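Everything below concerns the one structure shown next.
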Amino acid sequence: MKFTALANAFTSAVALAALAADDKRVKTVAALEAACLAADGDTVKITSNILDHALALSVPAVIEEKGELAVPVVRLAALAAGFPPKTEITVQSDGPVARVACGRSRFRLPTIPIDDLPAVPTIIEMTGGITLAREEALALFSRPFFAASNEQTQFYLCGILLHDIDDDLVAVATDGHRLARVTLAGATGLSSDRTLIIPNSAIKVLLRLLADKNNECITLARSRTLLAVEGSSFRFVSKLIDSTYPSYERLIPRPSGNAVTIDRVELAQALDRIAAVIDPAVKAMRLVGLQWALDEPALRLCIPGHDLADDILDAEVAGTGKVALQILHLAEIAAEIEGKCIHIDTNGNVGPVVITDPDDPDVLILQMPCAWPFENATAA
């Protein structure tokens, strides 16, 4: 086998393949940390497979000799990253090694027997499918991802749930402290149950793949145990988390009538100011207090139980509100909202705080409140 490809395209592809294979569980198994390079026609197909998920990418190439070989993908990616992007890379098989050349540079990497590579997972019986614009697919995977759990004892929360609700496709993630839901109106047919839970490791790869604007349309297909995502230059297949997602809808409260709407950037800056005056030696949970009342069109921020801060921002208010939240969580939510303003609705400490974007009704975020030492609060 021998082919030549542009360095920038080849380097990007093997970097993505290396990302899919960068898993501590597979570093001791040569067949799992390998990428298969298959040259045929006018492309080279690069495939990595770690059993939990597999990725195949196509790169334009000049094929001098058809064939295939397998090499350690992380080492290949590191090597390719060192070449100038506008040069050409030539790869050819030579017995037990692969020869990699670029300009006057020559390198050799060990090969792995093709027969040692595991079979690529394939959907045999499809139970649902849908085609989306790249931007729509990217929103479903990227916007709720910050709320996904990393706690392995709650493995069924360590990913994003996709499921149909009426005529819409909904993506949900939660870690038990916060919940993010993104709705794609008018898109159904992918999943009618709560078993399409895509693990965090697969989401990280998908976000890199969907960042490529050359993939205009994205096809999603599922079986009972697999999800396949396909664009014009890639095909990604992942195992699903073997569980049923909890019934999260019961956590979403009705509007309370006690709400505040604040400029997103101003809120983020105020949270930075509050965080700056909190004593770094304090081991307790870092909280910010939010307060508003009908007699003043403003949001007041403080540190519950202390008189270190009293930050006042212009805001639109309805009813009255007094709630304490984890400051890091609220700052992260403020960064995830894309519109100009943030709308916060709360019943105090009796239920989740509802955070929305007034410019985008398809995004909903819940944040669990924290106990506020009311009797010691001084900034009010």
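Residue-wise test of (1) modelled with pLDDT under 95; (2) within 30 Å of residue 227 (Cβ to Cβ).
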residue: 72; (1), (2): yes, yes
residue: 75; (1), (2): yes, yes
residue: 87; (1), (2): no, no
residue: 106; (1), (2): no, no
residue: 109; (1), (2): no, no
residue: 138; (1), (2): no, yes
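Filtered by the rule that a residue be of a type in the set (Lys, Arg) and assigned to a helix (DSSP H, G or I), region 74-96 gives a lone residue, 75.
Within region 155-176, can one find any residue that is at pLDDT 95 or above, part of a loop (DSSP other than H, G, I, E, B) and farther than 15 Å from residue 247 by Cα? Yes, region 155-176 contains a residue that is at pLDDT 95 or above, part of a loop (DSSP other than H, G, I, E, B) and farther than 15 Å from residue 247 by Cα.
If you go through region 97-116 and keep only what is more than 12 Å from residue 4 (Cα to Cα), out of contact with any strand residue (DSSP E or B) (no Cβ under 7 Å at 6 or more places or on another chain) and assigned to a loop (DSSP other than H, G, I, E, B), you end up with 104, 113.
On the given criteria, is residue 68 of a type in the set (Asp, Glu), within 15 Å of residue 8 (Cα to Cα), outside the structural domain of residue 225 (by TED's automatic domain parsing) and surrounded by 15 or more Cβ atoms within 10 Å (Cβ to Cβ)? Taking the combined requirement at face value, the residue does not satisfy it. Would region 200-212 turn up any residue that is at pLDDT below 95, part of a loop (DSSP other than H, G, I, E, B) and within 20 Å of the chain's Cα centre (by Cα)? Taking every residue of region 200-212 in turn, at least one turns out to be at pLDDT below 95, part of a loop (DSSP other than H, G, I, E, B) and within 20 Å of the chain's Cα centre (by Cα). Summed over region 15-34, residues that are modelled with pLDDT under 70, buried (at least 18 other Cβ atoms within 10 Å of the Cβ) and of a type in the set (Asp, Glu) total 1. For the condition out of contact with any Asp or Glu (no Cβ under 9 Å at 6 or more places or on another chain), among the hydrophobic types (A, V, I, L, M, F, W, C) and either in the same structural domain as residue 12 (by TED's automatic domain parsing) or farther than 30 Å from residue 326 by Cβ (or both), residue 290 does not qualify.
Summed over region 187-223, residues that are more than 12 Å from residue 138 (Cβ to Cβ) and of a type in the set (Lys, Arg) total 3.
The values are calculated or read from the model by the stated rules, or taken from the named source; none is laboratory data. Remember, predicted model here, so these are calculated numbers, not experimental data. Glycine also receives a Cβ, built like all others from the backbone with ideal geometry; neighbour counts cover every protein chain displayed.
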